[in-house]
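Okay, here's the structure, questions in a sec.
All of the numbers you see were taken from the coordinates with simple rules; none came from a lab. Not measured: the values here are computed from a predicted model. Backbone-built Cβ (ideal geometry, glycine too); neighbour counts: all protein chains shown.
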Amino acid sequence: MIQDKLRELEQSSSKLDPNPEKRSYLQQAAIDYANRFYESQPDQKAYQEFDESVKYLLNEPIDEKAGVEEEILQEIENVVVRPGLNTVSGRHFGYIPGGGLASSAVGDFLAAVTNRYAGVYASSPGAVVIETRLINWLCELMGYGKGSGGYLSSGGSHANLTALVTARDSAELKAVDYPKAVVYLTQQTHHCVDRALNIAGMSECHRRYIPMDEKFRMIPSELKQNIEQDYKNGLIPWVVVASAGSTDTGAIDPLDEIGDIAKESSLWYHVDAAYGGFFILTDDGKEKLKGIEKSDSVVMDPHKGLFLPYGTGALIVKDVKKLVEAHRFKANYMKDADIQSGVYSPAEISPELSKHFRGLRMWLPLKLHGVKRFRDALDEKQLLAQYLWQKMNSMDEIEVGPEPQLSIFMFRWNPGNGDSNVLNRELHKLILKEGRFFLSTTEVEGNFFFRVAILSVRTHQKEVDELLDTIQDKMSELGERFGHSNPS
Ligand SMILES: *Cc1c(COP(=O)(O)O)cnc(C)c1O
């Protein structure tokens with residue numbers, strides 16, 4: 001009886017593990033699609049406006065029926081992937097670009113195929129050692145010495161959360177202390193830091209938004225004053241969060257001076273370098289990030305500065321033991337995993353247990369291309385931003401924000417008459433409607449500004465020149481339509 005049933009079940013379930021022929025058929029179809037995808041990029045939009053039609057997928061049955069390879073891949077290609085932002089486009093200048101390295105996609109494919117258990121050394125020493133090597137490399141880049149460590153996270157938000165939890169435990173703050181604890185940051189600090197405090201159960205703590213200079217950088221003397229005042233008032237100055245490349249304006253806080261103040265005042269010094277961190281590979285970036293080595297923890301996003309696919313962030317901590325303490329646990333089923341070799345299992349120092357073999361998508365491109373290619377790409381992006389800023393700065397009707405510190409700057413159309421906010425909103429709409437380029441926007445003191453963020457591996461001079469042409473074309477189009485007056 002049982003054996004009959006087993007035979008029957010096996011016949012069905014073994015279809016989950018297809019024979020070589022069937023398997024390579026699917027793989028080949030996927031590779032064909034990937035090649036079409038890469039090769040069509042020069043003609044693809046950077047942004048595809050969309051209606052709600054994709055939501056028909058919500059009603060697509062997930063049912064007993066087995067599907068057909070071509071049909072399903074076609075749905076992915078034509079329906080799922082199309083609407084919205086094309087993040088691998090070289091004409092994506094919005095938010096923080098990144099991603100799209102073909103070598104990284106291959107690494108990810110192999111990570112999924114082999115499915116090594118990357119959380120625990122005893123299960124996959126190879127996967128854990130690769131992650132450790134990558135983390136040690138990041139520590140070296142940031143000037144951290146022996147005893148430092150960290151882990152590859154899903155992204156900057158997750159890494160910032162872990163950093164703050166580690167800082168909290170290091171300061172031995174208990175729930176009763178939270179209403180007295182003070183975090184120092186600026187209005188430019190990424191919102192995920194605020195959110196991390198809430199997730200960590202610390203929504204009651206004080207956020208001191210330190211004033212910034214005209215380039216949106218924290219003013220160290222103001223930080224110092226605030227800390228002194230808070231100590232006087234019986235509060236608990238706890239952590240200062242500096243940005244090494246803020247998302248909105250690309251501003252780098254004075255990392256060196258802040259480091260000194262944090263040390264004098266016994267604060268945990270955290271640097272959010274999710275966007276700007278990898279610029280330390282370049283000579284110019286190294287100069288600009290000076291002082292980052294004074295920090296206690298740094299967040300970096302390889303899915304930005306190393307052009308890896310989303311889902312790749314990193315946290316490094318100067319004293320890795322702090323990370324271990326913040327993630328201590330007791331579990332009998334984990335005994336065998338306890339390894340002492342200077343190699344920490346990610347499961348011992350981060351929230352995840354079972355873990356994507358994330359390291360491979362970072363390790364393969366670095367080994368395959370060598371670091372020089374990445375350095376040159378980052379130098380190129382920085383220079384492109386400089387080049388475009390200078391061009392825009394010399395245009396009559398364009399008002400630019402501060403010179404880019406790395407590869408982000410702001411600009412707006414300001415013809416001198418009409419409501420500039422309305423005009424720029426129209427300009428933005430027009431650019432997105434065409435979709436060849438994608439730009440995101442921000443607001444400074446009630447004024448609408450475009451942001452230019454250059455960090456796509458496929459952005460070169462041609463794309464930047466074309467962007468400028470497009471902006472000028474659209475400006476004249478609107479200028480004609482509205483005669484340079486308020487288009488409302
Ligand atoms: C992108 C970014 C984050 C958030 O990181 P995710 O990887 O999107 O979660 C945090 N801080 C800064 C400065 C960023 O640029």
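Which of the aspartates and glutamates could a cross-linker span from Lys381 if the Cα-Cα distance has to be under 15 Å and same-chain partners fewer than 8 positions apart are dropped?
Asp283, Asp284, Glu403, Glu463, Asp465
A further question follows. For the chain, list the DSSP H helices whose alpha carbon atoms reach 20 Å or more along the long axis and whose average Kyte-Doolittle value is -0.5 or above?
Both cut-offs are met by 125-141, 156-170, 420-434.
While we're here: Filter the GluC sites (Glu not before Pro) in region 37-136 down to the DSSP loop ones having no more than 11 other Cβ atoms within 10 Å, then list what survives.
Passing both the DSSP loop test and the Cβ count: Glu52, Glu64.
To make sure I understand, if each residue's beta carbon is the centre and we count other beta carbons within 10 Å, what order do Val113, Val452 fall in, fewest to most?
Val113, Val452
Separation of region 380-432 and region 78-147 by C-alpha centroid, Å?
Taking the Cα centre of region 78-147 as reference, the centre of region 380-432 is 32 Å away.
What is the magnitude of the charge dipole of the chain about its Cα centre, with +1 placed on the Cβ of each Lys and Arg, -1 on the Cβ of each Asp and Glu, and no other charges, expressed in debye to the nearest 20?
Numbers: 55 positive and 70 negative charges, 265 e Å.
Dipole about the Cα centre, nearest 20: 1280 debye.
Between Glu75 and Glu49, what FRET efficiency comes out of the Förster formula 1/(1 + (r/R0)^6) with R0 = 22 Å and r the beta carbon distance, rounded to 0.05?
On the way: r = 20 Å, r/R0 = 0.91.
It comes to 0.65.
Suppose R0 equals 45 Å. What FRET efficiency, 1/(1 + (r/R0)^6) with r the Cβ-Cβ distance, do Ala29 and Lys462 give to the nearest 0.05?
On the way: r = 32 Å, r/R0 = 0.72.
Efficiency, from the Cβ-Cβ distance: 0.90.
At a 10 Å Cβ-Cβ cut-off, how would you order Thr114, Thr189, Thr470, fewest neighbours first? Can you show the working numbers first?
Working: Thr114 12, Thr189 24, Thr470 17.
Listed from fewest to most nearby Cβ atoms, that is Thr114, Thr470, Thr189.
Strictly over 25 Å apart at the Cα level, which of Lys286/Lys367; Lys288/Lys355; Lys65/Lys355; Lys232/Lys322; Lys294/Lys355; Lys174/Lys263 would you flag in this model?
Details: Lys286/Lys367 22 Å; Lys288/Lys355 34 Å; Lys65/Lys355 31 Å; Lys232/Lys322 28 Å; Lys294/Lys355 30 Å; Lys174/Lys263 22 Å.
Checking Cα-Cα distances, Lys288/Lys355; Lys65/Lys355; Lys232/Lys322; Lys294/Lys355 exceed 25 Å.
Right, something else. Using +1 at the C-beta of Lys and Arg and -1 at the C-beta of Asp and Glu, which of Trp389, Thr186, Tyr117 has the Cα lying farthest in the positive direction of the dipole of the chain?
Projecting each Cα onto the dipole axis, the largest value belongs to Tyr117.
Another one. Among Ala127, Phe411, Phe438, whose Cα sits farthest toward the positive end of the charge dipole of the chain (+1 at Cβ of Lys/Arg, -1 at Cβ of Asp/Glu, about the Cα centre)?
Ala127
Taking the Cβ of Met202 as the centre, find all other residues whose Cβ is under 13 Å away and add up their charges (Lys, Arg: +1; Asp, Glu: -1).
+1
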